[in-house]
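What follows is a single structure, written as structure tokens, with notes after it.
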Amino acid sequence: MPSTTRPSPLKPPEPDPGASLAGRRKVTAGNAVVPYSKGRKGDALTVSVSCQGQGKITVAVRPVLVSFPLECDTGQVSTISNQLALSGVERGGVVAVEAPQDVRWSLTVGRGAPAKTDSSGDD
């Protein structure tokens, strides 16, 4: 009987270069809450999530009240990374993930200098 190969294992995304690790969750299925540590004033918080399986997950960052969705696929690993450079991210908090039971996901929270923004005025 032929063996079936599964896609490569889902791993937590690596933090951005120069960022410090503030929180991490290894492969998980279903809902979970991931705490992250306090940081320095002026640093940005980066939340990177990878998922695999059919469905959509919702990621909510508390206490700053920011959330974002990620559409997951059975055949490949989907990854999204969002940097939050706003008031309140220097405090510790949690990232809450709502996910269907058949979607596997992992998450990394990093802290570091905010990314430079393009201020050329092009809209």
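Only the coordinates and a few stated rules stand behind these numbers; no lab work does. These figures come from a predicted structure and were not determined experimentally. When we count neighbours, we look across all protein chains shown, and the Cβ atoms used for this are built from the backbone with ideal geometry, even at glycine.
Straight-line reach from LYS56: taking Cα to Cα under 28 Å and skipping same-chain neighbours fewer than 8 places apart, the lysines in range are LYS11, LYS26. Around the amide H of GLY88, modelled in the peptide plane, lies no amide H under 5 Å away from a residue 5 or more places distant or on another chain. When both segment 67-120 and segment 18-62 are represented by their alpha-carbon centers, they are found 5 Å apart.
Charges only on Cβ, +1 for Lys and Arg, -1 for Asp and Glu: so what's the dipole of the chain about the Cα centre, in debye to the nearest 20?
On the way: 14 positive and 11 negative charges, 133 e Å.
In total the dipole reaches around 640 debye.
Volume per residue of the convex hull around the Cα atoms, evaluated for the chain, comes out as 131 Å³. Put simply, when 91-104, 70-83 are sorted by average Cβ atoms within 10 angstrom per residue, most first, you get 91-104, 70-83.
Each Cα pair of segment 4-76 feeds into the Kirkwood radius, which the Stokes-Einstein equation turns, at 25 °C and 0.890 mPa s, into a diffusion coefficient of 173 µm²/s. Extending 7 Å from the Cα toward the beta-carbon at both GLN54 and VAL94 defines two label points whose distance is 3.1 nm.
Considering Cα pairs under 8 angstrom that are at least six residues apart, work out the relative contact order of segment 28-100 and quote it in whole percent.
Working: 155 pairs, mean separation 36.3, N = 73.
In percent, rounded to a whole number, it is 50.
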